[in-house]
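What follows is calculated from the coordinates using simple rules that are stated; it is not laboratory data. Quick caveat: nothing in here was measured; it's all calculated off a predicted structure. Cβ placement follows ideal geometry from the backbone for every residue including glycine, while neighbour counts extend to all protein chains displayed.
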Amino acid sequence: MNTIADSLGLAAGLIVSFDAALWRIVGLSLRVSGTACVLGAIAGLLLGTWLAVARFRGLGVLVWALNTLLALPSVVVGLLVYLLLSRAGPLGPLGILFTPTAMVIAQSILVVPLIAALSRRLVLDALRDGGDQLQSMGATPLQAGAVLLVHGRFAVLTILLTAFGRAIAEVGAVMIVGGNIDGVTRVMTTAIALETSKGDLPLALALGIVLLGVVGLVNLAVGAMQLRSPLAREALV
Amino acid sequence: MSPPLLVLADASVRFGTVEALRGVNLKLRRGERLALVGANGSGKTTLLRLLHGLVSCSSGARVMQGGGAAPVVAMLFQRPFVLSLSVRQNLIVALWLRGLPRAERSARAADALHRVGLEGLAARPARELSGGQQQRLALARAWALRPDLLLLDEPTASLDPSAKREVESLIEAIAAEGVTLVMSTHNLGQAKRLAGRVACLEAGRLVVDLPVAEFFTSTLPPAAAQFLKGELPWA
């Protein structure tokens, strides 16, 4: 068995030699999680803004449910999407189980509550400051929410980067709905799990290093956003 | 005499168990300048919000001038809220919210910035402006809407004397165009300088509403007289 030092050396070699298999996995991971975040952003920002400005009976229950879903385990999302997309499920005829599309769907579902809950808080806080002013200028509640998302765009970007970090680092959902098929649905986290179980530590370590690097870059970007905008700090408190 | 622009008839506003305004009767005519004075919590801001339509009457009525287009109402708050956008974009957004076409938005924004002397700062992030400049931007934003009625909630309360003078002169310039002004203030000198009429609120009631000269010379009801002398209503 390789020692840790040997494994790290081999891992570094795989990274700097631009090993094709490694970078194909990295590329697919970025594509799946990036697409999931774009879709999740559309749904999450709309939902969060609407929940911040809407007034109706049952709103509190909906917000409670949304906040509860923040702790949604990725394996549960994977299981639900699997049940929907499996041959016997309602969306079985689409035939997209064990494809990157299924992984995108699962990760989108995973990040929507996070984006919605944080953007709702962001809009609520901004409404406290400027809601009356915007209403006095003739803004409808949804217009006010949209304007405040633009107002707090650095905070919104921080939220989206946080969601991306969650998506790219999860393993449960993509393993269940993607199946970890080599060259088709194998992403960084599922590959790490597999290679570790096989004892191929260099590839697992290389993928782990790249994954940490990606998440580290995301965190750097989040930090830069926070420096630029006090609203971003408030959104994550 | 012209018909009133806006009438409040026995208007009350209730927030839960608190009655913020009680049976207020008020008529505003075009071009009038009304100063609202009264202690903190007397209902000045609620009255301004009611005049705008940001809150509704729990009883009584608020009637805007009938016939033709509805009067345009703009409001300035004590702490101006400016968006994290450029100075010019703040105006453009306000005009967009009013549904103005794109070409008119640009022209009006440029004109309003020129009037308040911020044209040189049009590209500057609005949140980097000083307090006085932000209040001037808020005035430009209101001015660009070409309001019939401008409501000002203690517009100079948090400004230094020089910024206060600048904002007051801009308010004068807006009023000179025939815009009806209603302004809440704790500054009786400001009320004297800017208003033609002064109304005093006490515990949600309009206790006096007189032309400015009479307000400062005639015998006032006890609550208003106490406020003028700086006495606390509960003392």
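General remarks:
- Residue list for segment A:1-36, restricted to those being part of a helix (DSSP H, G or I) and among the polar types (S, T, N, Q): A:7, A:29, A:33, A:35
- Any hit, segment A:114-132, residues being outside any loop (DSSP other than H, G, I, E, B), of a type outside the set (Gly, Ala, Ser) and farther than 26 Å from residue A:153 by Cα: no
- When residues of segment B:84-98 are limited to those that are of a type in the set (A, V, I, L, M) and closer than 26 Å to residue A:225 by Cα, the one farthest from the other protein chains (Cβ to nearest Cβ): B:87
- Counting only residues that are closer than 17 Å to residue A:218 by Cβ and either within 13 Å of chain B (Cβ to nearest Cβ) or free of Cβ contacts under 8 Å to residues at least 12 places away in the same chain (or both), segment A:121-166 holds 4 of them.
- Members of segment A:203-229 found to be of a type outside the set (A, V, I, L, M, F, W, C) and closer than 22 Å to residue A:174 by Cα, listed by number: A:208, A:213, A:216
- Scanning segment B:25-80 for residues that are more than 14 Å from chain A (Cβ to nearest Cβ) and of a type in the set (S, T, N, Q) turns up B:25, B:40, B:42, B:58, B:59, B:65.
- Residues in segment A:72-95 that are under 15 Å from the mean Cα position of the chain (by Cα) and part of a loop (DSSP other than H, G, I, E, B) were compared, and the one that is surrounded by the fewest Cβ atoms within 10 Å (Cβ to Cβ) is A:73.
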